[in-house]
Amino acid sequence: VKVVAAYSIKGGVGKTTAAVNLAYLAALQGYRTLLWDLDPQGAATYLFRVKPKVKGGAEALVRRRHPLADAVKETDFPGLDLVPADPSNRSLDLLLDATKQPERRLRQRLQSLEDEYEVVVLDCAPSISLLSENVVRAADVVVVPLIPAPLSLRTLDQLRSFLDETGGRRPAVVAYFSMADRRRRSHREVLEAAPSGQGDISAVTVPAASQVEQMGGRRAPLAVFAPRSEAAAAFRLLWAEVAAAAGLSATGPGPDHDE
Amino acid sequence: VSALHTLAVPSGADLDSAPPVPAGLRVVAGAQHLSRRVWLDTFDRALLAKHVELYLEEDEEAGAGLVVRGAGITTRAGGPAGIDPGGAVSVGSLAPAVAEVVLPLARGRALLSLAAAGVAERQLAVLDDEDKTVCRLTTTRFTAAGAPPGMVIVTVDSLRGYEAAAEEVAGTLAAVPGARVVSGAPVQAWLEALGSAAAPGSLPAGRGLTSDMPAAAAVSLIISRLLATVEANLAGTLARYDTEFLHDLRVAVRRARTAVKLSDGVLHDGLRDRLAEELKWLGDATTPPRDMDVYLESWPDMESQVSEELRPHVEPFLRLIEERTKVAHRELREALGSRRLTRLLETGRELSEANDTRRHTEASFGAFVARSLRDTLERVSKRGRRLRPDSPDEAVHDLRKRAKELRYMLEFSEALLPAERWAELVRDLKALQDALGAFNDSSVQRAFVLDGAEALTDPPVHTLLALGELRGSLARQARQARRQLPDRLAGLERWRSEGLFWDLLAAGKDRLPL
């Protein structure tokens, strides 16, 4: 299973939008995909119309005696399942802290689902915390949305330092500019100056488009209701990059993937 | 998504626009999908038994295709050209994706068209108050000339994490007046309503018999059902769709012969003698073609027993088998097309209704079963105890035949005995029969190889040497099978010596008179 984490130290940058659309595109390509909504706000859960409730709460997600599989909900889209958010996800840090090897717990929990899924997408709450460390240790690819603002590259640097400090296996990073509005001079300047397409910064830019905002009203991934939009096209390109970084085939699983 | 329930609901209920669902849920109907399907299956419904449907579909959108559906799979591929209604489908013409699913289930049996119908399918989503799909429904309607109108088959598929909601929906649908839960694919429910869900003649001979019914009536019914099996397998045997038709026909004859043989004192002597004679004639007519079928099927195995050096020289023997197969089946066709068989089958049909077949009206089927099981077990046991390493082959063959009689008698009386103990006894008996069968096959084949060698015209010396090797190998197999017999016999013998057999009878559902 390949684990893709949509992560940012900063909130409100389009992290859930990325998680939902990338998970949908992975499933659309034929990968058996699970989206785990770790953010107590439950925006991804809301977008898939699932009630934000896990039997046993966050504790059930962390403790070994509760199979993670019991929390899984099938979405309305083939091949895409969801572990919904629960309000008690606010205490995930505390609960993780109380476990053995707390920094590896998420990876261990995901191991039980390895046979069922080929791609797991984590939608994480914005912060640097024990949960972030778990996410980083579990992930093969960390997808980082950046608002085209002067401070955003600094946020990326902070994340890189955090990854270096965390040690162990370092996930690939795919950062991209999100919510980009070229009508705004400050955005234009950052986009022109930033080393897009170099190192861990993708050349893909997801625009600040009305269709992205409509996701909240339509409660569906972009490709479902606005497949020809610029934003949907950007996520398709982004998924191709993320898949490559994760070592997944760009054409989807082969015919033998069930064997 | 996984299928949770299938229900047959009277067609009057408005299931396409407003099916009943629990409060708080609503239904959104998808488009109707119309197609024409011809279902294919083995004669014994091996695919449907595993809830797998194979059908040729003509559909406006997708065109013609062959579809496999069930066991979590739906595969569509280009269909084989020109399936003749009632004819067999060439297995070689199946698309690999279809063959991969179907052939292991078919176990070498031919795929025949089973039924044809127009099908209207519609998918419906059941949504909760967030408009999230919590379960999916599929309604299926079948229409065919001559078929009674009737019902809609509703499949309730649950979504992971929403099983409870799907259960509730299924419960509400099941409460529709006249609705009932059915098992298997929707087409099975439809075939069931048409009375053609099971293969013709597949009713177990002893099904539903009770201890207190008159023995003559029960035995008549057993023989009648077995002759119905013979009749059901006639067309397939004549067309040679696969070799199992002849095999099943032949086994039905053997079973009927056993029933007749053991019915001494139950059926009128005149009827019994006539049935015995006619069944022997029919059984004898099936022996050569069945033997040839077995030789042809086991040819790769037989050939592999010859050393590589001589293997190419065994070819003339295969040609001989092929020629003899043709002759044997031609003679069989004559027998199966004869007036003599027609009369026998008529007798079978009459037997199911006849009430003048009995000789001793007071004998119950329970008493008959108790006596026959005791006698047949005793005969097997006695021959087993007498068997020595140097006993002639005929003694083993005799034991094999008596074991078959016991097995058939157990099958006839299955409804009267406790299922678990019955299965244990059958398991021990089957272990013995397997060894006896292996011995019989090897020794009959050995004799056939010698006979074949004599029949070949001017056989090359290498061919004779190859056949010599084959005979040697078959002799080793026969010896090996014989060595297994003492153990297998001991497994069965404990039923007699330890009184287990009497326990079995005493624990019978109807307490058999001992």
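Please treat every number below as a calculation from the coordinates, not as lab data. Given the structure is predicted, the values throughout are model-derived calculations rather than measurements. Methodologically, a virtual Cβ is constructed for each residue, glycine included, from the backbone with ideal geometry; neighbour enumeration extends over all protein chains shown.
Annotations for the structure displayed:
- Taking the charge dipole of segment B:266-340 about its Cα centre, with +1 at Lys and Arg Cβ atoms and -1 at Asp and Glu Cβ atoms, the residue from B:295, B:325, B:276 reaching farthest to the positive side is B:276.
- For B:398, B:487, order by how many other beta-carbon atoms lie within 10 Å, fewest first: B:487, B:398
- Relative contact order (percent, whole number), segment B:196-255, Cα cutoff 8 Å, 6+ residue spacing: 33
- At R0 = 45 Å, FRET efficiency that the Cβ-Cβ distance of residue B:326 and residue B:58 yields, to 0.05: 0.75
- Separation of segment B:411-433 from segment B:222-243 is 25 Å, based on Cα centroids.
- Residues B:368, B:501 arranged by fewest to most Cβ contacts within 10 Å: B:501, B:368
- Dimensions (Å) - segment B:417-457, Cα atoms, principal axes, largest first: 57, 13, 7
- Backbone phi angles across segment B:135-143, fed through the Karplus curve with coefficients 6.51, -1.76 and 1.60 (θ = phi - 60°), yield HN-Hα couplings of 6, 10, 10, 10, 9, 10, 10, 10, 10 Hz in residue order; Gly and Pro are listed as x.
- Both radii were evaluated on the Cα set of chain B; the Rg over Rh quotient, with Rh as the Kirkwood radius, amounts to 1.03.
- J(HN,Hα) series, segment A:125-137, from Karplus relation 6.51 cos²θ - 1.76 cosθ + 1.60, nearest Hz, glycine and proline x: 6, x, 3, 10, 7, 4, 5, 4, 5, 4, 4, 5, 6
- Normalised by 2.2 N^0.38 Å, where N counts its residues, the alpha-carbon radius of gyration of the protein assembly as shown equals 1.28.
- Cβ-derived FRET efficiency at R0 45 Å, residue B:273 paired with residue B:77, nearest 0.05: 0.20
- In the protein assembly as shown, taking the dipole from charged Cβ atoms about the Cα centre, the farthest positive-side position among B:372, B:124, A:28 is held by B:372.
- Here the protein assembly as shown is assigned +1 on the Cβ of each Lys and Arg and -1 on the Cβ of each Asp and Glu. Its dipole about the Cα centre then comes out at about 1260 debye.
- With the largest listed first and rounded to whole Å, the semi-axes of the equivalent ellipsoid of segment A:103-151 from the Cα gyration tensor are 24, 14, 7.
- Across the cross-link table entries B:326/B:401; A:55/B:132; A:15/A:51, which are compared at the Cα atoms, the separations over 26 Å belong to B:326/B:401.
- Percent of alpha-carbon pairs separated by more than 21 Å within segment B:362-514: 52
- Counting only alpha carbon atoms, the long axis of helix B:215-232 and the longest principal axis of chain B meet at about 80°.
- Per-residue average of Cβ from other chains inside 10 Å of B:155-162: 4
- Projected over all directions and averaged, the alpha-carbon convex hull of segment B:172-318 occupies 15.2 nm².
- Simple spin-label estimate for residue B:103 and residue A:53 in nanometres, 7 Å along Cα-Cβ: 5.1
- Applying 0.36 nm per residue to the separation of residue B:174 and residue B:479 and subtracting their alpha-carbon distance, the gain on full extension is 103.8 nm.
- Cα-derived Rg to Rh of segment A:175-235, Kirkwood definition: 1.02
- For chain B, the longest principal axis of the C-alpha atoms and the axis of helix B:269-297 are separated by about 80°.
- Each residue of segment B:27-36 was assigned a 3J(HN,Hα) from its phi angle through the Karplus curve 6.51 cos²θ - 1.76 cosθ + 1.60 (θ = phi - 60°); the sequence is 10, 10, 8, x, 6, 7, 10, 9, 7, 10 Hz, with glycine and proline shown as x.
- Dimensionless Rg/Rh of segment B:375-434 - Kirkwood Rh, Rg from C-alpha atoms: 1.02
- Computed label-point distance, nm, for sites residue B:450 and residue A:69 using a 7 Å Cα→Cβ extension: 6.0
- The calculated pair-distance distribution of segment B:267-373 uses every alpha carbon pair, bins of 10 angstrom beginning at 0, and gives 12, 27, 22, 18, 13, 6, 1 percent.
- With semi-axes defined as the square roots of five times the eigenvalues of the C-alpha gyration tensor, the equivalent ellipsoid of chain A measures 27, 21, 18 Å, largest first.
- Since only B:162, B:312, B:450 are under comparison, the one whose Cα sits farthest along the positive direction of the charge dipole of chain B, derived from C-beta charges on Lys, Arg, Asp and Glu, is B:450.
- Only helices enter the 222 nm calculation for the protein assembly as shown: every DSSP H run of n ≥ 4 contributes -39,500 (n - 2.57), and dividing by all residues gives -15500 deg cm²/dmol, rounded to 500.
- All-pairs alpha carbon distance profile, segment A:76-139, 10 Å steps from 0, percent: 18, 53, 25, 3
- Between segment A:195-245 and segment B:5-33, the Cα center-to-center distance that results, in Å: 38
- Those residues of segment B:250-267 whose amide nitrogen sits under 20 Å from the label point placed on residue B:49, 7 Å along Cα→Cβ: B:250-256
- This model, with +1 at the C-beta of Lys and Arg and -1 at the C-beta of Asp and Glu, gives chain B a dipole about its Cα centre of some 1840 debye.
- Counting 0.36 nm for each residue step from residue B:301 to residue B:281 and taking away their Cα separation leaves a gain of 4.1 nm.
- Only the Cβ atoms of Lys and Arg (+1) and of Asp and Glu (-1) were treated as charged; on that basis the dipole of segment B:431-514 about its Cα centre amounts to roughly 320 debye.
- Under the simplified labelling scheme, the residue A:157-residue A:218 pair shows an inter-label distance of 3.8 nm, with each label point 7 Å from Cα along Cα→Cβ.
- Globularity index of segment A:15-111 is 1.05 (Cα radius of gyration / 2.2 N^0.38 Å, N = number of residues).
- In this structure the amide hydrogen of residue B:134, modeled in the peptide plane, comes within under 5 Å of the amide hydrogens of B:126, B:127, B:128, none closer than 5 places in sequence on its chain.
- Segment B:171-230: proportion of alpha-carbon pairs further apart than 16 angstrom, %: 62
- In segment A:137-259, the C-alpha radius of gyration followed by the widest Cα-Cα span (Dmax) gives 16.1, 53 angstrom.
- DSSP beta bridges in chain A [antiparallel fraction, %, rounded to 5]: 5
- Footprinting exposure proxy ranking of B:213, B:151, fewest other C-beta atoms within 10 angstrom first, gives B:213, B:151.
- Gyration tensor analysis over the Cα atoms of segment B:20-124 returns equivalent ellipsoid semi-axes of 28, 16, 12 Å (largest first, whole Å).
- Volume per residue for segment B:100-201 equals 154 cubic angstrom (convex hull of Cα atoms).
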